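Scroll down for the structure; my scribbles are underneath it.
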Amino acid sequence: MKRIAILGSTGSIGTQTLEIVRENPDLEVVGLAAGANIDLFEKQVREFKPRLVSLRDEAACRELKVRLADLDVEIISGMDGLLGIAEMEESEVLVTAIVGMIGIRPTIAAINKHKDIALANKETLVTAGHIIMPLAAKMGVSILPVDSEHSAIFQSMQGENRERVSKLLITASGGPFRGRTRKELENVRLEDALKHPNWSMGSKITIDSATLVNKGLEVMEAKWLFDMDLERIQVVVHPQSIIHSMVEYVDGGIMAQLGTPDMKLPIQYALFYPDRRPMEGKRVDFYELGSITFERPDMETFTGLKLALRAAAEGGSLPTVFNAANEKAVSLFLDRKVSFLQIPEIIEMCMDNHRKIENPDVDAILRTEQETYELIHSKF
């Protein structure tokens, strides 16, 4: 029996992780945390019967205690709840499917308790990779990637000598606006930006895919996960989303992981690594597929990717500014308060106004996040 805890159980990754638990009786959920979706969360707690659960808001936790009065479950709100779940003695793996930099402290807490991390929270490595990866190595903890691209790279390295890796190739679908000019993007609607051609994801990451910011975040994450220089990480637009990423070796050989666009595969691989379990679902039919294509990313139209590479190259606290500015800008776009093209403009404004901290600790990272939010709030 493998015991897991999940941060972000009501989101896209969290709900799919629980689907995998349903299909594998030797997985047990001992802790669950969510944001504000109390109705779905109550159903999850009743079905999986974790010992410890948490919601972000204290008032929501009080309501949950009333609803779950018939169950033997401990309920803690906010960061205390996240840290409590991260440090549970019973759990072996922490699935970090929570969105935002709020995931940093629980991830560090879990690593310090020798828990393996099934990592779906990009922000943890984007902003604190210089803290997380050395700590994981020190504690002998595995960071198992759940993002499809990083899982593909991880899978493509199995049985290989990592010192013989020449290049990482991260694939991108190009999003719903691939091939459009900046002029054509001036008046795009929120509804259009939320129509991803291949993947079913939460609204924030779907917008990140449309701006190509998501690929920039993935480059930053790959840098830390695989200890790779930025010059050896390449983004390739692959509209069919069949090749999830590739690894080129020094002899020119390229290993790739292929499959249908389904997040359950990388989630399950992380939970059972190094084993592979049977999983129902559609398979790639190469006769039906016919062909696959590749393009260069258009970084002049989708400037979010260019800004991400700048933040990654300059390092320090700048990736935190990039990430925080994007989070707030996407939130404003989802609320219809700014246009699609204003998202990278807001990011650039924040980066240009920031005085970089060379090697920020967690407090400095979170302070930088707050300062970025305040700058945007003063302008919009």
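For this structure, a couple of remarks:
- Full extension of the chain between residue 291 and residue 187 gives 34.2 nm of extra length, using 0.36 nm per residue less the Cα-Cα distance.
- Residues whose amide H lies under 5 Å from that of residue 234, counting only those 5 or more places away or on a different chain, are 168, 169, 170; hydrogens are built 1.01 Å from N in the peptide plane.
- Cβ-derived FRET efficiency at R0 45 Å, residue 282 paired with residue 378, nearest 0.05: 0.40
- Each peptide in 46-55, 276-285 was scored by the mean count of other Cβ atoms within 10 Å over its residues; highest first, the order is 46-55, 276-285.
- Selected from 297, 217, 270, residue furthest toward positive end of dipole (the chain; charges at beta carbon): 297
- Legend: calculated FRET efficiency, residue 15 to residue 260, from the Cβ-Cβ distance at R0 = 22 Å, rounded to 0.05, equals 0.75.
- For the chain, the per residue solvent-accessible surface stands at 45 Å², with DNA, RNA and ligands left out and a 1.4 Å probe.
- Rg/Rh ratio calculated on Cα atoms of the stretch 16-58 (Kirkwood radius): 0.97
- Nearby aspartates and glutamates by direct alpha-carbon distance to residue 183 (threshold 16 angstrom, same-chain neighbours under 8 apart not counted): 192, 298, 300, 345
- From most to least packed by mean Cβ count within 10 Å, the peptides 231-243, 112-124 give 112-124, 231-243.
- Scalar couplings 3J(HN,Hα) for the stretch 66-77, obtained by applying the Karplus form with A = 6.51, B = -1.76, C = 1.60 to θ = phi - 60°, are 5, 5, 9, 4, 7, 10, 8, 9, 8, 10, 10, 8 Hz; x denotes Gly and Pro.
- Simple rule: put +1 on each Lys or Arg Cβ and -1 on each Asp or Glu Cβ in the chain, find the dipole, and look at 322, 230, 344; the Cα lying farthest toward the positive end is 344.
- By the Stokes-Einstein formula, at 1.567 mPa s and 4 °C, the chain with its Kirkwood radius over alpha-carbon pairs has D equal to 61 µm²/s.
- Sites residue 135 and residue 313 - FRET efficiency at Förster radius 22 Å, r taken between beta-carbons, to 0.05: 0.40
- Note on the stretch 1-154: semi-axes of the ellipsoid equivalent to its C-alpha gyration tensor, largest first and rounded to whole Å, are 25, 16, 14.
- Top of 29, 338, 66 by mean-square fluctuation, Gaussian network on the chain, Cα under 10 Å: 66
- The phi torsions of the stretch 42-47, fed into the Karplus equation with coefficients 6.51, -1.76 and 1.60 and a -60° offset, translate into couplings of 4, 4, 5, 5, 5, 6 Hz, rounded to whole numbers, with Gly and Pro shown as x.
- Gain upon complete extension [residue 66, residue 363; 0.36 nm per residue less C-alpha separation]: 103.4 nm
- Residue-by-residue Karplus 3J(HN,Hα) for the stretch 82-90, coefficients 6.51, -1.76, 1.60, Hz, glycine and proline x: 4, 5, x, 5, 4, 9, 4, 4, 5
- For the options 65, 328, 264, a Gaussian network treatment of the chain with springs between C-alpha atoms closer than 10 Å singles out 65 as fluctuating the most.
- When 150, 130 are compared by accessible surface with a 1.4 Å probe, the order from highest to lowest is 130, 150.
- Annotation: amide H-H contacts under 5 Å for residue 28 (H modelled 1.01 Å from N, sequence separation of 5 or more, or interchain): 2, 3, 4.
- Solvent-accessible area, 1.4 Å probe, carbon plus sulfur percent, for the chain: 48
- Note on residue 264: lysines with a C-alpha under 27 Å away, same-chain residues under 8 apart excluded, are 2, 43, 49, 113, 115, 122, 167, 195, 204, 215, 223, 282.
The values are calculated or read from the model by the stated rules, or taken from the named source; none is laboratory data. Note that the structure is a prediction, hence the values are computed from the model and not measured. A quick note on method: Cβ atoms are made from the backbone with ideal geometry, for glycine too, and the neighbour counts reach across all protein chains shown. For accessibility, only protein heavy atoms count, side chains too; no ligands or nucleic acids. Shrake-Rupley method; radii C 1.70, N 1.55, O 1.52, S 1.80 Å.
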